1. Can you list, largest first and rounded to whole Å, the semi-axes you get for region 25-171 by taking the square root of 5 times each eigenvalue of its Cα gyration tensor?
2. Measure off 7 Å from each Cα along the Cα-to-Cβ vector at Glu72 and Arg91, then give the distance between these two points in nanometres to one decimal.
3. Can you list which of the chymotrypsin sites (Phe, Trp or Tyr not before Pro) found in region 1-67 are DSSP loop residues with at most 15 other C-beta atoms within 10 Å?
4. Between helix 135-144 and the chain, what is the angle of the helix's C-alpha long axis to the longest principal axis, kept within 0 to 90° and rounded to the nearest 10?
5. Report, in degrees rounded to the nearest 10, the 0 to 90 angle that the Cα long axis of helix 150-170 makes with the longest principal axis of the chain.
6. In degrees between 0 and 90, to the nearest 10, how far off the longest principal axis of the chain does helix 86-112 point, with axes built from Cα atoms?
7. Obtain the nm distance between the two label points defined at Thr154 and Glu129 by a simple spin-label model: each point lies 7 Å from its Cα along the Cα-to-C-beta direction.
8. Between Ala17, Ala143, Ala45, find the one with the highest GNM mean-square fluctuation for the chain; connect C-alpha pairs within less than 10 Å.
Amino acid sequence: MEWTIQDLGAAGEFVGAIGVVITLAYLAYQIRQNTVQLEQNTLTAKAAAQNASNVALRDTRGSIYQSSEIAEIFSLGNSNPEDLGEITRLRYRLLMQNVTDVMLEIYTQTLATGFAPETWHTQGLTLVERILATPGGEWFWEAFAHNYPADFRTEVERILDISRAARGSKA
């Protein structure tokens, strides 16, 4: 059998088409592998961010329960910060700032990293209700809310309004 130029050209086109199909299949495989790796990296980043928030929250709690002096400042400050002396009120304010910074971190991580909304609702919202809804928490928030981003302030105010309404209906 003799091959003509046309036969050789057709064979070359066939081999080239097979090469293109193999290349496309390989690229599809690589893209799939890349997607899996990106998803794993995203999950790892979310877990690390969640862990950082949990560590910050545990550290803040630890500073309260490991020191009877700080626990007393926290308790008295939550009840009535005006009863605290100047230095003690400063310490209470800094403690409240740490707690509120943890709330902000949880809120931001929920928005920025795609944490499940339940993360904010089970941790952050609970902190706002338990801590910023106290007389001392409200004193702190009124004086220092401007230090926090507008969207966070709006969310905290929404929660505090609900808490105030609930307290008003129980009275």
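Every read-out reported here was derived from the displayed coordinates using simple, explicitly stated rules and does not represent laboratory data. Just so we're clear, the structure is a prediction, and the values are computed from it rather than from any experiment. As a convention, Cβ positions derive from the backbone with ideal geometry for all residues, glycine included, and neighbour counts pool all protein chains shown.
1. Three semi-axes, in Å: 38, 18, 12.
2. Rounded to a tenth, the inter-label distance reads 0.9 nm.
3. Values: sites: Trp3, Phe14, Tyr26, Tyr29, Tyr65; in loops: Trp3.
Within region 1-67, the qualifying chymotrypsin sites (Phe, Trp or Tyr not before Pro) (loop, at most 15 other Cβ atoms within 10 Å) are Trp3.
4. Between helix and principal axis, roughly 60 degrees.
5. Its long axis makes an angle of about 50 degrees.
6. 20 degrees
7. 2.3 nm
8. The residue with the greatest mean-square fluctuation here is Ala17.
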